[in-house]
1. Can you run down the residue pairs with Cβ atoms below 9 Å, 6 or more apart or on separate chains, where the first is in the stretch 83-98 and under 25 Å from Glu138 (Cβ atoms) and of a type in the set (D, E, K, R) and the partner is open to solvent by 10 Å² or more (accessible area, probe 1.4 Å) and assigned to a strand (DSSP E or B)?
2. Got at least one residue in the stretch 167-182 being hydrophobic (A, V, I, L, M, F, W, C), in contact with a helix residue (DSSP H, G or I) (Cβ under 9 Å, 6 or more places away or on another chain), closer than 28 Å to Ser101 by Cβ and at pLDDT 95 or above?
3. Would you pick out the residues in the stretch 154-173 that are open to solvent by less than 10 Å² (accessible area, probe 1.4 Å) and assigned to a strand (DSSP E or B)?
4. Quick check: is even one residue across the stretch 190-197 at pLDDT 95 or above, under 25 Å from Ser101 (Cβ atoms), more than 11 Å from the chain's Cα centre (by Cα) and not acidic (Asp, Glu)?
5. Quick check on Ile185: is it closer than 20 Å to Arg150 by Cα and surrounded by 21 or more Cβ atoms within 10 Å (Cβ to Cβ)?
6. Enumerate the pairs (first residue in the stretch 120-131 and more than 15 Å from Asp174 (Cβ to Cβ); second residue anywhere and polar (S, T, N, Q)) with beta-carbon separation below 9 Å, excluding pairs fewer than 6 apart on the same chain, so at least 6 apart or on different chains.
7. Taking only the stretch 174-206 into account, find how many residues are touching a Phe, Trp or Tyr at 6+ places or on another chain (Cβ under 7 Å), part of a strand (DSSP E or B) and without any contact (Cβ under 8 Å) to a residue 40 or more places away in the chain.
8. Please go through the stretch 151-169 and give me each residue that is among the charged types (D, E, K, R) and either free of Cβ contacts under 8 Å to residues at least 24 places away in the same chain or over 14 Å from Gly109 (Cα atoms) (or both), ordered by number.
Amino acid sequence: MKALTFTLIEQPEERLDLSGLTPVALAGLSETQVTRLHIGTSRNPAFVGDVFKVAGKDVNNIIFEGGSRRFDKVGAGLNSGSMRIIGDVGDQAGRRISGGSLYIEGSAGDHAGSCMTGGRLEIKGNAGNYLGGPLAGETTGMEGGILIVRGRAGDYTGDRLRRGVIAVLKGCGDYAGYRMIAGTIVVCGRTGAMPGYLMKRGSLLFDRPPENPSPTFVPCGKPDIAFASLFDRFLMAEKIMNKPLLGSKPGKYGGDTAVSGKGEILFRQRDHLRSE
């Protein structure tokens, strides 16, 4: 059966809410019913048929041909099946995903993967601020699943992360792991100021020493731990990386001592970088 495909006719004149175009939301609808769904956010909201040409019937395999920074909430609430967007998307892509897979072949706006609890979200380009983080008024961010950004992420990556793995492969902005509760954040490339600020538990894993750590983190030497090699194998098994991130003896900072101080920043030592 051919994938259900939404082909962009022209760039939308308003921001679109695409949270209703997921496998579970579209199951059982005819093509005519799908084209009549409201997706606009203005007083006279656009219908699906105004923006997209619809073809195919397999709702468990959805493709968007063409993207826009006005595509908000793409894949929000996804719990099964797969979705692929060929282009950029707007804010809150993959918010509250609990299962399935969402692949974005462009860049995403703010709050991508916000509060997701399972499944896999992969962004080929860059991501905005608050990757995986909660919206205003919410107390926890991402609580499960795997979130991968092949490009760069903005500030506050993993804000209030509680469970799951976030991997950013070309660096991120300031305050990565801000207010982390638990979980793991991987960053390759340069990080901004104050990583792990106010984190209670969890792990930040870097491919180089942090340049501007908070003064409330303390050096812990080079602990001989099995976790580093085990997690390297996980990253390669999930095809997130194709070589070890930390090496056998990473450096470590502990913190944030301004709160409970049970978090950690593990990073690849420079001497390992030179020897390999």
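1. Asp91/Asp72; Arg96/Thr117
2. Yes: one or more hits.
3. Ile166, Ala167, Val168, Cys172
4. Scanning the stretch 190-197 turns up no residue that is at pLDDT 95 or above, under 25 Å from Ser101 (Cβ atoms), more than 11 Å from the chain's Cα centre (by Cα) and not acidic (Asp, Glu).
5. yes
6. Note: pairs meeting the criteria are Arg120/Ser101; Leu121/Ser101; Glu122/Ser101; Ile123/Ser107; Lys124/Ser107; Gly125/Ser107; Asn126/Ser107.
7. The qualifying residues number 1.
8. Passing the criteria: Asp159, Arg160, Arg162, Arg163.
The values are calculated or read from the model by the stated rules, or taken from the named source; none is laboratory data. The structure displayed is predicted, hence computed values, not measured ones. Glycine also receives a Cβ, built like all others from the backbone with ideal geometry; neighbour counts cover every protein chain displayed. Calculation scope for accessible area: heavy atoms of the full protein, side chains included, ligands and nucleic acids excluded. Shrake-Rupley method; radii C 1.70, N 1.55, O 1.52, S 1.80 Å.
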